[in-house]
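**Q** Below you'll find the structure I mean.
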Amino acid sequence: ASFLLLCFRTSLVAPLILGLLLQPPLTQLSIITQPNIVLLMADDLGIGDVGCYGNDTIRTPNIDRLAKEGVKLTQHIAAAPLCTPSRASFLTGRYPLRSGMDAINNYRVIFWNGGSGGLPPNETTFAKILQQQGYSTGLIGKWHQGVNCESRNDHCHHPLNHGFDYFYGMPFTLISDCKPTETPEMDRVFRRKLWIYTQMIGLITLTAALGRLTGLISVRWKTLTCLAGFSLLFFISWFSSYGFVRYWNCIMMRNHEVTEQPMVTDRTTSLILRESISFIERNKHKPFLLFLSFLHSHTPLLTTEKFLGRSSHGLYGDNVEEMDWMVGQVLDAIDKEGLKNTTLVYFASDHGGWLERQEGKRQLGGWNGIYRGGKAMGGWEGGIRVPGIFRWPGVLPAGTVIDEPTSLMDIYPTVVHLAGGMLPQDRVIDGRDLMPLLRGTVEHSEHEFLFHYCGIHLHAVRWHQKDSGAIWKAHYVTPVFRPLGAGACYDRGFCPCFGEGVTHHDPPLLFDLSRDPSEAKPLSADTEPLFDTVIREIERAIEEHRGTLTPVPEQLSLYNVMWKPWLQPCCGTFPFCWCDKESDN
């Protein structure tokens, strides 16, 4: 009997031992649990502004630490070279023109909190899927995807309608108008024209009135009254919006409530950091998604006194170093709560640095390293190649560098997969799950072609020819740099997408980025034997890509970007919108 009992016990223990031996390693197990996800996105940061990407004068030790402890992507590409469309693609995993978030005109971003355009309610963000998977989801910082559609409180474009449980920050974007001491930035040229037209109309009215009084001009008082009324209405029509930009656009919100109108810029940085750390502390006992969308390093470069004058690159460098410090504070909070090994941290910028942003001799925009072009340029690398860093100790190999083409759109399927969610099946998702590439289980990115848009206009296409290692890039449209020989559109402040400010290329300019990452020497049929073959393959891909596009409402149409008083978020009784709910008083 004892022998039979021994055999029975052996028969039970053997499969258990075998099962333990066949268990996957810890890193494999941790993949199928739900990690915390912290997404850190800088605003207008150039790839050349970060230490681990080659900058040896601006100090970014905390961002560099992320790269040392994780995976650094050297060919991480934004789907658009401006804030609104790039962030729309980041949130949805789709090219922005699929959701109507790229422009057919020169108004290529959300222009007013009181506009009616924004990220459509029928778009499914990664936050919405993670929310359904049981995550606590929070957005701290910049939104810039619209607020309302038809009424002041419908909040159809608001973060809370797109999967975030908690929002604290700017529904708009930081602009120089938010700081009374700075030169106005928003629609500066157009505003100057409106003021000139107002003065001209006023001068005509005054001249006619004086002529009537002196008898030099025969004009009826009724006509003069109508002319004066028109002058006043014209002035009110534009000054009611542009004259109060700071009150309409420079506001802070907590969820649906306006907390500062206008925002008090001296404390914005400390409040955003406090809210970020508080969100981590409140949600440490369950899976959470924190999207910390920095206001750094967009003008007017809000920088606390502690960091002023610290860098060798003026105010811009000071601002970047402060942002790096904020990254360090968030990482310390994760460590303090014991969450380091269960948290995926991602750092990126929404697009390249703004080369043309200058005030006199002061350079207030970023640097894009060896890459040509910058912000607003749909095709050139400097406008779309951004830092991209992932850290997840024990899962992602530390100190890894990956040169494969990846996209900000890839974050969507990556975090959805990690949360155990399903991708939407009723629409095209352009992003690809990065985990196999990040963990080293595959050698190549899933992206064969990436399409580079400027507004709705296709400017360039990238082809990753995996069998040869070549990365071909064909430019069909490029901006005209001025002054001639300069590397940006200094005459305009922004490079346009169409019209007189661009050059069309037929045949397209072709570069092999694997040999010429700076796009300095275009290839031709005479210098590159594969020229015709490459162009044919790229044009076949363009036709295939265009076949996947369907018409959608234009969120950035002239009507949608116009300021509408009835949509303006207001913490009082409109138009008396003023409050400071963060003050100790």
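**Q** With +1 on each Lys and Arg Cβ and -1 on each Asp and Glu Cβ, and nothing else charged, work out how big the dipole of the stretch 117-182 is about its Cα centre, in Debye to the nearest 20.
**A** Value, rounded to 20: 120 debye.
**Q** A further question on this structure: Go through Phe291, Ser524, Gly352 and say which Cα lies farthest out towards the positive end of the charge dipole of the chain; charges sit on Cβ, +1 for Lys and Arg, -1 for Asp and Glu.
**A** Result: Phe291, furthest along the dipole toward the positive end.
**Q** Heavy atoms only, 1.4 Å probe, whole protein assembly: order Lys564, Lys222 by accessible area, highest first.
**A** Lys222, Lys564
**Q** Carbon and sulfur: what percent of the stretch 188-242's accessible surface (1.4 Å probe)?
**A** 75
**Q** Given 0.36 nm per residue, what is the gain on full extension from Arg546 to Val428 after removing their alpha carbon distance, in nm? Walk me through the intermediate numbers first.
**A** Values: separation 118, 0.36 × 118 = 42.48 nm, distance 1.22 nm.
Full-extension gain reported as 41.3 nm.
**Q** Charges only on Cβ, +1 for Lys and Arg, -1 for Asp and Glu: so what's the dipole of the stretch 407-541 about the Cα centre, in debye to the nearest 20?
**A** So the dipole magnitude of the stretch 407-541 works out to roughly 320 debye.
**Q** What number, in nm² with one decimal, is the all-direction average of the projected area of the convex hull of the alpha-carbon atoms of the stretch 174-314?
**A** 13.6
**Q** Give me a comma-separated list of calculated 3J(HN,Hα) values for the stretch 518-526, in order, Karplus coefficients 6.51, -1.76, 1.60 applied at θ = phi - 60°, integers in Hz, x for any Gly or Pro.
**A** For the stretch 518-526, the Karplus-derived couplings read 7, 6, 9, 10, x, 8, 9, 4, 6 Hz, x marking Gly and Pro.
**Q** Where the only charges are on Cβ atoms (+1 Lys, Arg; -1 Asp, Glu), what is the dipole of the chain about its Cα centre, to the nearest 20 debye?
**A** 1260
**Q** For a label point 7 Å from the Cα of Ala398 along Cα→C-beta, name the residues of the stretch 431-452 whose backbone N is under 18 Å from it.
**A** 439-440
**Q** Leaving out ligands, DNA and RNA but keeping every protein chain, what accessible area does His457 have, in Å² rounded to the nearest 10, with a 1.4 Å probe?
**A** Per-residue accessible area (His457): approximately 60 Å².
**Q** Looking at the square roots a ≥ b ≥ c of the eigenvalues of the Cα gyration tensor of the stretch 393-536, which shape do they give, rounded for a/c under 1.5, prolate if a/b is larger than b/c, or oblate?
**A** Since a/c reaches 1.5 and a/b is larger than b/c, the shape of the stretch 393-536 is classed as prolate.
**Q** Apply 1/(1 + (r/R0)^6) to the Cβ-Cβ distance of Leu213 and Leu233, taking R0 = 30 Å, and write down the FRET efficiency to the nearest 0.05.
**A** 0.80
**Q** Moving on. Which entries of Lys128/Lys179; Lys142/Lys564; Lys128/Lys581; Lys142/Lys306; Lys68/Lys336; Lys306/Lys361 show an alpha-carbon separation above 31 angstrom in the structure shown? Mind showing how you got there, number by number?
**A** Working: Lys128/Lys179 34 Å; Lys142/Lys564 21 Å; Lys128/Lys581 29 Å; Lys142/Lys306 23 Å; Lys68/Lys336 20 Å; Lys306/Lys361 24 Å.
Beyond 31 Å: Lys128/Lys179.
**Q** Each residue of the stretch 504-514 in order: what ³J(HN,Hα) in whole Hz does its phi give by Karplus 6.51 cos²θ - 1.76 cosθ + 1.60, θ = phi - 60°, with x for Gly and Pro?
**A** Using θ = phi - 60°, the values come out as 8, 10, 9, x, x, 6, 10, 10, 10, 5, 5 Hz.
**Q** On to the next question. Testing the spin-label approximation: label points 7 Å from Cα along Cα→Cβ at Lys361 and Lys286. State their distance in nm.
**A** Here the modelled spin labels are 5.7 nm apart.
**Q** On to the next question. I'd like the accessible area for Glu257: 1.4 Å probe, protein heavy atoms, all chains in place, Å² to the nearest 10.
**A** The value for Glu257 is about 90 Å².
**Q** Something else about it: Mind giving me the nanometre distance, one decimal, between the label points for His417 and Glu500, set 7 Å out from Cα along Cα→Cβ?
**A** 4.9
**Q** Also, quick follow-up: So what is the relative contact order of the chain, in percent, for Cα pairs below 8 Å that sit 6 or more residues apart?
**A** 26
**Q** Further question on the same structure: Probe radius 1.4 Å, ligands and nucleic acids left out: which of Asp532, Asp102 has the largest accessible area, and how do the rest follow?
**A** On the way: Asp532 85, Asp102 10 Å².
The residues order as Asp532, Asp102, largest area first.
**Q** Moving on to the next point. How big is the stretch 453-585 along each principal axis, measuring the range of its Cα positions in Å and listing the largest first?
**A** Rounded to whole Å, the extents work out to 70, 38, 35 Å.
**Q** Starting at 0 and stepping by 5 Å, how many percent of the alpha carbon pairs of the stretch 188-242 end up in each bin?
**A** In whole percents, the pair-distance histogram is 4, 21, 25, 19, 13, 9, 6, 2, 0.
**Q** I need the phi-derived Karplus couplings for the stretch 387-394: 6.51 cos²θ - 1.76 cosθ + 1.60, θ = phi - 60°, integer Hz, Gly and Pro marked x.
**A** Here the 3J(HN,Hα) series is x, x, 9, 10, 9, 8, x, x Hz.
**Q** How much mean residue ellipticity at 222 nm does the chain get from its helices, if each DSSP H run of length 4 or more adds -39500 (n - 2.57) and you divide by all residues, to the nearest 500 deg cm²/dmol? Show your work: numbers first, answer last.
**A** On the way: 15 runs with 182 residues, N = 585.
Helix-only estimate at 222 nm: -9500 deg cm²/dmol.
**Q** Now for a separate question. Go from 0 up to the bin containing the longest alpha carbon distance in the chain, width 20 Å each, and give me the % of pairs per bin.
**A** 19, 51, 22, 7, 1, 0, 0
**Q** If I ignore ligands, DNA and RNA and count only protein heavy atoms, how much of Thr533 is accessible to a 1.4 Å probe, in Å² to the nearest 10?
**A** Approximately 70 Å² of Thr533 is accessible to the 1.4 Å probe.
**Q** I've got another one for you. Would you please classify the overall shape of the stretch 244-308 from the alpha carbon gyration tensor, given that a ≥ b ≥ c denote the square roots of the eigenvalues, rounded means a/c under 1.5, and beyond that prolate means a/b larger than b/c while oblate covers the rest?
**A** The shape class here is oblate.
**Q** Which order do you get for Tyr412, Tyr559, Tyr197 if you rank them by accessible area with a 1.4 Å probe, largest at the top?
**A** Values: Tyr412 0, Tyr559 135, Tyr197 110 Å².
Highest to lowest solvent-accessible surface, that is Tyr559, Tyr197, Tyr412.
**Q** Probe of 1.4 angstrom, ligands and nucleic acids ignored: what's the accessible area per residue over the chain, in square angstrom?
**A** Details: 24980 Å² over 585 residues.
Spelled out: the 1.4 Å probe surface of the chain, per residue, equals 43 Å².
**Q** Roughly how many nanometres apart are two label points built 7 Å out from the Cα toward the Cβ at Asp491 and Lys68?
**A** About 4.7 nm, to one decimal.
**Q** Please sort through the DSSP H helices of the chain and keep those with an alpha-carbon extent of at least 30 Å along the long axis and a Kyte-Doolittle average not below -0.5.
**A** Flagged H segments are 188-214, 221-242, 314-336.
The values are calculated or read from the model by the stated rules, or taken from the named source; none is laboratory data. Keep in mind the model is a prediction, meaning the values are calculated, not measured. Heads up, the Cβs are rebuilt from the backbone with ideal geometry, glycines too, and the neighbour counts pull from every protein chain shown. Only protein heavy atoms, including side chains, enter the accessible area calculation; ligands, DNA and RNA are left aside. Shrake-Rupley method; radii C 1.70, N 1.55, O 1.52, S 1.80 Å.
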